[in-house]
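The values are calculated or read from the model by the stated rules, or taken from the named source; none is laboratory data. Every value quoted in this text rests on a predicted model; they were computed, and no experiment measured them. Using ideal geometry, Cβ is built from the backbone for each residue, glycine included, and neighbour counts are taken over all protein chains shown.
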Amino acid sequence: MNKIAISLGLMMFLGGCASSTGVLPIGKDTYTITTDAHFTRGGAGAAKSRAILEANEYCSSQGLNFVFITSSGGSYGEYLTHDLTFRCVPEGDLEDVRPDIETVPDVVVRSE
């Protein structure tokens, strides 16, 4: 319960700093959310925090656990964006495991 209260408090705090598409279904138990924030209002960090908090809150409200799939950041003008794809699964589901987060390089250098 404390996690939910903290999440809601942070969402309310960040509410004036970022905007969101809200959670959108894209497949079975799979969702996406895109958030943005002005660079003077927390930028990429605020956008990422908002996306993760909203996703966790969405899953928690259904009695399910949040499972990270992918995320990426971007920008347009003075706004920074964050796209998050995730699943909501029941406790004990085969996908309900610690995420293995791998950083993908922005540039790949080949030597031939």
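For region 28-48, a residue qualifies if it is among the hydroxyl-bearing types (Ser, Thr, Tyr) and in contact with a strand residue (DSSP E or B) (Cβ under 8 Å, 6 or more places away or on another chain), and the qualifying residues are 30, 31, 32, 34, 35. Of all residues in region 62-74, those that are assigned to a strand (DSSP E or B) and either without any contact (Cβ under 8 Å) to a residue 12 or more places away in the chain or of a type in the set (Gly, Ala, Ser) (or both) total 4.
Are any residues in region 14-61 modelled with pLDDT under 85, surrounded by fewer than 21 Cβ atoms within 10 Å (Cβ to Cβ) and part of a strand (DSSP E or B), and if so, which ones? Of everything in region 14-61, those that are modelled with pLDDT under 85, surrounded by fewer than 21 Cβ atoms within 10 Å (Cβ to Cβ) and part of a strand (DSSP E or B) turn out to be 19, 20, 38. Could you please tell me which pairs satisfy a Cβ distance under 6 Å, a separation of 6+ or placement on different chains, a first residue in region 75-94 that is within 17 Å of residue 38 (Cβ to Cβ) and in a strand (DSSP E or B), and a second residue that is of a type in the set (S, T, N, Q) and modelled with pLDDT of 80 or more? Listed by first residue and then by second, the contacts come to 82/35. Inspection of region 83-95 identifies at least one residue that is at pLDDT below 85 and not hydrophobic (A, V, I, L, M, F, W, C).
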